[in-house]
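The values are calculated or read from the model by the stated rules, or taken from the named source; none is laboratory data. All values derive from a computational prediction rather than experimental measurement. For neighbour counting, all protein chains shown are included, and Cβ atoms are generated from backbone atoms with ideal geometry for every residue, glycine included. What goes into the accessible areas is simple: the full protein's heavy atoms, side chains included, and nothing from ligands, DNA or RNA. Shrake-Rupley method; radii C 1.70, N 1.55, O 1.52, S 1.80 Å.
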Amino acid sequence: MTTKITRRDLLQDAGLISLGLGITPSAAAAATTLGADHKPYPPTRTGLRGSHPGSFEGAHAYTRDGLPHPKPQPLDESFDLVIVGAGISGLAAAYYYQKRFGPDRKILILDNHDDFGGHAKRNEFHQGGRLQLAIGGTHNLEYWQFSETVSALMQTLGVNIPKLRQQTDFNYGRNGAKGQAIWFDAETYGVNQLVTGCSLKGPPSTSPLPYLDQFPISTTAKTQLRAFYQRQTDVLADLSSAERGDYLHTTGYFDFLESKGGLGTEARQLFKTACHGSWGLETECLSVAEALDDGLPGLNLIGEAAAESDWDYPVGIFPDGNASIARLLVQRLIPSIAPGVTADTIATTDFDYSQLDRPQNAVQIRLQSTVINVEHQEGAVRLTYLFGGKAFALTAKRCVMACYHSVIPYICPTLPAAQKAAQRYQVKYPLLLTNVLIRSRAPFTQLGIDGAACPGRLHSALFLMNGVETGGYAQASDDPGPVPVTFWGSLSPPDGIENFWDKLRASRTRMLNLTLEDYEREVRSVLQDLLGPAGFSAKRDILAITVNRWPHGYSHEYLDLWDEDWPRGEAPHEIARQRFGNITFANADAGASAYTHTAIEEAARAVAEFDAPSLD
Ligand SMILES: Cc1cc2nc3c(=O)[nH]c(=O)nc-3n(C[C@H](O)[C@H](O)[C@H](O)COP(=O)(O)OP(=O)(O)OC[C@H]3O[C@@H](n4cnc5c(N)ncnc54)[C@H](O)[C@@H]3O)c2cc1C
């Protein structure tokens, strides 16, 4: 093994230094902007990523906060199509547009971030000359939900799901020798306590019942939990089938835990953040049906039992998550960015970002470009965007809005009022994903875990990002070298906020207001206290930290307790996505479903809508 320090190692260190040793953030950002060959290479950037500094302030100032728009400089460029948003939906829209209208059509994709992919981003760490990959946002492919359209695109991209399945034993921290684990921290529970062999949310074999004595909670809470887990009954036995369904979908899970499960505040609190990763929401926002479906306990109280197989989650996953899908799409649109790359080699292939925005290519991707105005005018679309503090204007024949819906009313002020109201309604659920490169997994191995739920902490769970292989990239589950630990979840809003939308906004604000130092302090303290007993030293063993903030995370999926049961065609996402002149709407929001396959399907629909003549 080589011990040579490469340029990437140095850059990685520059990112680290910015976390604490006095380099100004701007100097560190400038240093980490360059890749091995001195070209921009965003995936290696550490610190605050996702909604990174510089990516959202312009949009907030000129759209949300109503600052008068600067006078734009007109650009002498013409495009058949401009796409707003370089996430999977925007990239797929470019693919479908070329397929439908010809590969030589000029397409410009604008995105406010310094990297493409939208949520589907990758974090690269380079240590000792070796690449370590972590997922920066969108994780995996739920291929059993693919439509024919999505399956066909995956085939075109060479994505082979059975092969991906064979190449992974990654299981979100459930593969430790001692099974799943819950970690109670001293700040919240008075003592640091790791309880292995059980989970708060999982199959019957991981029930906490045999382990409750080890939980550092009051005797009262333990007694309540013991009774709750032991009881086999049907508290809804007196209800008709319709009444039963009604109860499960209209009752809050926390109300159910209290009134039917006999759990007091302290016991209920254990489950408060258990759905942060799966929903991006506080568990108290879910109905009984939604919470039970998500794996929370209580089936035993309604006369039902869970099967072990209910928890199988056989997803397709790349080492950098669905960033590989975004990269495969970009390579298809701009082949010179990584000539000859395939789905087998995508994980380890460097991309030449200087190829992204070249006028000689049919497709151009322009990053760090925040669109602040889009208007349909006389059979064309006129756009204004910000780049480097200046405003630019251009005209295209057509436009696909592949950005999230709640921002569109600010950007497209001339849309019908009902459409803007529907878009505003679709507030996304915030998510937080912090990747920490540690020197070795040995402390995890010694404790017999490869992840843990952390009910008292900022991130509700953590897991080792290993056991995923593709094309020359291997991060085996027994590799002795450095390994990323993923801290996963959302951010709780302050207590006492009742309104669902206010909770989301408060959570988003909190996420953006916490500093890098706040996040760094949190993950250092968790790793030290959890792994310290197994010889881990945060000071010595943490090699890099990348915080991916997604204040606009999962698409707003409709919830039992907060959303209406709209008739077909009248749901907010259906009103929000209606074509307006030469503007159509993609993004996962257009399907009200937080999935990559939805983002792709909505892209195909948004492009197909151009088949009809313009509406004016
Ligand atoms: C942390 C996380 C984990 C997830 N995990 C999964 C998973 O495991 N499986 C799954 O299927 N889905 C997952 N999702 C859901 C994910 O949202 C979708 O799968 C998909 O990536 C969404 O793609 P999109 O193109 O619709 O939206 P986005 O990825 O949000 O892309 C839209 C882009 O438009 C940009 N934009 C917004 N406004 C402007 C503007 N004014 N000007 C220019 N650009 C703008 C945005 O910043 C963004 O880059 C996850 C999401 C998150 C956040």
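Here is how the numbers come out for the structure above:
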| quantity | calculated |
| --- | --- |
| Some residue of the range 563-575 being under 24 Å from Trp488 (Cβ atoms), of a type outside the set (Asp, Glu) and within 24 Å of the chain's Cα centre (by Cα) | no |
| Subset of the range 58-83 that is of a type outside the set (A, V, I, L, M, F, W, C) and within 12 Å of the ligand (Cβ to nearest atom) - its residue that is surrounded by the fewest Cβ atoms within 10 Å (Cβ to Cβ) | Arg64 |
| Sole residue being in the same structural domain as Leu194 (by TED's automatic domain parsing) and either surrounded by fewer than 23 Cβ atoms within 10 Å (Cβ to Cβ) or in contact with a helix residue (DSSP H, G or I) (Cβ under 7 Å, 6 or more places away or on another chain) (or both), chosen from Ala474, Ala417 | Ala474 |
| Residue in the range 149-157 that is within 12 Å of the ligand (Cβ to nearest atom) and at pLDDT 95 or above present | yes |
| Pair list, Cβ < 8 Å and 6+ apart or interchain, from the range 240-251 residues that are among the hydroxyl-bearing types (Ser, Thr, Tyr) to residues that are open to solvent by less than 90 Å² (accessible area, probe 1.4 Å) | Tyr247/Leu236; Tyr247/Leu239; Tyr247/Val288; Thr250/Ser287; Thr250/Asp560; Thr250/Leu561; Thr251/Ser287; Thr251/Val288 |
| Unmet criterion (only one of (1) part of a helix (DSSP H, G or I); (2) open to solvent by 20 Å² or more (accessible area, probe 1.4 Å); (3) not aromatic (Phe, Trp, Tyr)) for Leu225 | (2) |
| Flag for Leu543 being assigned to a helix (DSSP H, G or I), of a type in the set (A, V, I, L, M), touching a Pro at 6+ places or on another chain (Cβ under 9 Å) and away from the ligand (no atom under 13 Å from the Cβ) | no |
| Yes/no for Ala94 being over 20 Å from the mean Cα position of the chain (by Cα), in contact (Cβ under 8 Å) with a residue 40 or more places away in the chain and surrounded by 24 or more Cβ atoms within 10 Å (Cβ to Cβ) | yes |
| Residue in the range 41-51 that is more than 22 Å from Phe392 (Cα to Cα), assigned to a loop (DSSP other than H, G, I, E, B), open to solvent by less than 20 Å² (accessible area, probe 1.4 Å) and within 14 Å of the ligand (Cβ to nearest atom) present | yes |
| Enumeration of residues in the range 423-462 that are more than 10 Å from Val485 (Cβ to Cβ), open to solvent by less than 30 Å² (accessible area, probe 1.4 Å) and of a type in the set (Val, Ile, Thr) | Val427, Ile449 |
| Those residues of the range 84-94 which are more than 6 Å from the ligand (Cβ to nearest atom), under 12 Å from Leu110 (Cα atoms) and touching a Ser or Thr at 6+ places or on another chain (Cβ under 9 Å), in sequence order | none |
| Subset of the range 362-389 that is part of a loop (DSSP other than H, G, I, E, B) and modelled with pLDDT of 95 or more - its residue that is nearest to the ligand (Cβ to nearest atom) | Ser369 |
| Flag for Ala396 being more than 20 Å from the chain's Cα centre (by Cα), part of a strand (DSSP E or B) and of a type in the set (Gly, Ala, Ser) | yes |
